[in-house]
Amino acid sequence: PIATGTDTGGSIRQPAAFCGLTGIKPSYGRVSRYGMIAYASSLDQAGPMGKTAEDCALLLTAMSSHDPRDSTSLADSGEDYGRYLTQPWQAGNGNSAKPLEGLRIGLPKEFFAEGLANDVAQSVNESARRLETLGATLVEVSLPKTKLSIPVYYVLAPAEASSNLSRFDGVRYGHRANEYRDLADMYKKSRTEGFGAEVRRRILIGTYVLSHGYYDAYYLQAQKIRRIIAADFQAAFEKCDVILGPVAPDVAWRLGEKSKDPVQMYLEDIYTLSTNLAGLPAMSVPCGFNENNLPIGMQLIGNYFSEARLLQVAHQYQQASDWHLRIASEVA
């Protein structure tokens, strides 16, 4: 079984991690956004989810191609994202027991700091050691500005959403209220009824940061920090080939549990937002369960256009583990 999703700040990887699935967010522009309802155009990216890395490779190969209807779509020569799955990391390596020999995996110290649940940290660290037994070398790297990902994302994404979603006014697109006094009242009621509370909150934030007097202070500053976050990743990739960390600080929470505390809910995205801001490929791979039998996912992050290599690492890990085959029992 396979499915598609869209990832603006982690919405392929986090659901995949919470459900025990494998999911990959490709490099920005790899997959056409045509037909999607745009939320944040510079961050949105479509990608596949499935039980295995092999599933994701098959679907990504079918999804990825140049689309003239999407101005951000990259030229694509028909890449086969599964071409490395069964190959050793280093061409010519005949040691089948260590297929990842030569691979350098970076562990960002910022991803294993305060706020990460113990069972998630334990599962991700055990997965790192499993990859080490397959021949990989673990190295410490630093991503010092990733802590700014949440404030930067929640300035830029709502700003773009405010613009993109303005078309849903009940006249041209979207829901129209049944009863209203005049045109202004129709706009207000249609958008209030058509958008959920969280979407309305983000539209208001975006409209605020784009307004006169705040654009320079918030939006432009966030764009500058976004470039610094991307530069942090490039510095890290000088020391490693793939970055490993958690997908989320904790496992899935109960429906509605954090809806009254938006900040607490936003903090769950701390490990996924930075790759969207940088436009990098990243994927979630099942790596364990917590004490309540809820799935845990590890995140693999690659440099631009390294999806085939990420899928290769994930596939080799899944050949040496069975977390992706287990199903979480229902929790009362």
### Query
Based on the Cα coordinates of segment 88-246, what is the per residue volume of their convex hull in Å³?
178 Å³
### Task
Enumerate the calculated ³J(HN,Hα) couplings along segment 213-223 in order (Karplus 6.51 cos²θ - 1.76 cosθ + 1.60, θ = phi - 60°), each rounded to whole Hz, writing x wherever the residue is Gly or Pro.
x, 10, 4, 5, 6, 10, 5, 5, 5, 5, 5
#### Entry: Qualifying GluC sites (Glu not before Pro) in segment 256-332, DSSP loop, other Cβ atoms within 10 Å at most 16
E257, E291, E330
### Query
Taking segment 241-332, which trypsin sites (Lys or Arg not before Pro) meet the DSSP loop condition and have no more than 14 other C-beta atoms within 10 Å?
R254, K260, R326
### Task
Sorted from largest down, give the three principal axis spans of the alpha carbons of segment 3-97, whole angstrom values.
47, 33, 18
### Task
Find out how many positive minus negative residues lie around A46, taking Lys and Arg as positive, Asp and Glu as negative, among other residues whose Cβ is under 14 Å from that of A46.
-1
### Message
Per q in 0.08, 0.10, 0.14 Å⁻¹, report the Debye log10 I(q)/I(0) for the chain, using one uniform scatterer on each alpha carbon and no solvent.
### Response
-0.39, -0.60, -1.13
### Query
Nearest 10 degrees, 0 to 90: what angle lies between the long axis of helix 118-133 and the longest principal axis of the chain (Cα atoms)?
40 degrees
### Message
Taking the beta-carbon count within 10 Å as an exposure proxy, list K25, K188, K109 from fewest neighbours to most.
### Response
K109, K188, K25
### Query
So what is the relative contact order of the chain, in percent, for Cα pairs below 8 Å that sit 6 or more residues apart?
27 percent
### Task
Give the residue from V120, L311, Q223 lying farthest towards the positive end of the charge dipole for the chain; charges sit on Cβ (+1 for Lys and Arg, -1 for Asp and Glu) and the dipole is referred to the Cα centre.
Q223
### Task
Using Cα pairs closer than 8 Å and at least 6 residues apart in sequence, work out the relative contact order for segment 86-214, in percent.
21 percent
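Which GluC sites (Glu not before Pro) in segment 103-198 sit in a loop by DSSP (not H, G, I, E or B) and have at most 16 other Cβ atoms within 10 Å of their own Cβ?
Within segment 103-198, the qualifying GluC sites (Glu not before Pro) (loop, at most 16 other Cβ atoms within 10 Å) are E114, E179.
Calculate the dipole size of segment 37-105 relative to its Cα centre from +1 charges on Lys and Arg beta carbons and -1 charges on Asp and Glu beta carbons; express the result in debye to the nearest 20.
The dipole magnitude comes to about 280 debye.
When the helix-only estimate is applied to the chain (DSSP H runs of n ≥ 4, each -39,500 (n - 2.57), divided by the residue count), what is the mean residue ellipticity at 222 nm, nearest 500 deg cm²/dmol?
-11000 deg cm²/dmol
Just so you know, all these numbers are worked out from the coordinates, no wet-lab data involved. Fair warning: this is a prediction, and the values are worked out from it, not measured in the lab. All Cβ positions, even for glycine, are placed from backbone atoms using ideal geometry, and neighbour counts span all protein chains on display.
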